[in-house]
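What follows is a set of notes on a single structure, which appears directly below.
The values are calculated or read from the model by the stated rules, or taken from the named source; none is laboratory data. Computed from a predicted model, the values in this text were never measured in an experiment. Here Cβ is always computed from backbone atoms with ideal geometry, including for glycine, and neighbour counts include all displayed protein chains.
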Amino acid sequence: MKRAILLLWMFGGAAAFAQNYSIDWFTIDGGGGTSTGGVFSISGTIGQPDAGRMSGGNFTVEGGFWSIIAAVQTPGAPLLKVFRTTTNTVVISWPAPSTGFSLQQNPVVNNGASWLGVTNVPVVVGSDNRVIISSPAGNKFYRLKSP
């Protein structure tokens, strides 16, 4: 009996020393400061000056305000795809050819009067039209529109 308790204590106690760490997805509506625990420490503030990439060693944190870059699928239009790259650009693609459709952008998804044409000329890559733009600040929505 003593041997079983000793083994349980030895192996159960060893698991308590193995710790994982993570930064979970949360929002903070105001404030800032430093949080520490063990050998780890993270500092932060709310506001645009901290936006961007912060890294050290093997760790990187992307900071800043959230923004949305998305495709708005227009009924009857070709499938539009939008994705960010690792080089701080956005790729907008749709099947080629798509005769009669033009790419438009708007910072507000439901504002019908403010859609403007994207001036970048699409390049055909494989079977897709592609437009590459710099990652915009704030929200940006894209759609294909036929006159």
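Overview of results
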| read-out | value |
| --- | --- |
| Residue satisfying condition, being more than 15 Å from Lys140 (Cα to Cα), touching a Lys or Arg at 6+ places or on another chain (Cβ under 9 Å) and modelled with pLDDT under 90, within set Gly63, Gly56, Gly47 | Gly63 |
| The range 73-99: number of residues that are assigned to a loop (DSSP other than H, G, I, E, B) and either of a type in the set (S, T, N, Q) or exposed (fewer than 10 other Cβ atoms within 10 Å of the Cβ) (or both) | 10 |
| Residue match in the range 123-143 (condition: closer than 15 Å to Leu80 by Cα, without any contact (Cβ under 8 Å) to a residue 24 or more places away in the chain and of a type outside the set (Gly, Ala, Ser)) | yes |
| Every residue from the range 100-128 that is surrounded by 12 or more Cβ atoms within 10 Å (Cβ to Cβ) and either under 15 Å from Thr74 (Cβ atoms) or outside the structural domain of Phe83 (by TED's automatic domain parsing) (or both) | Phe101, Ser102, Leu103, Gln104, Gln105, Asn106, Val109, Trp115, Val118 |
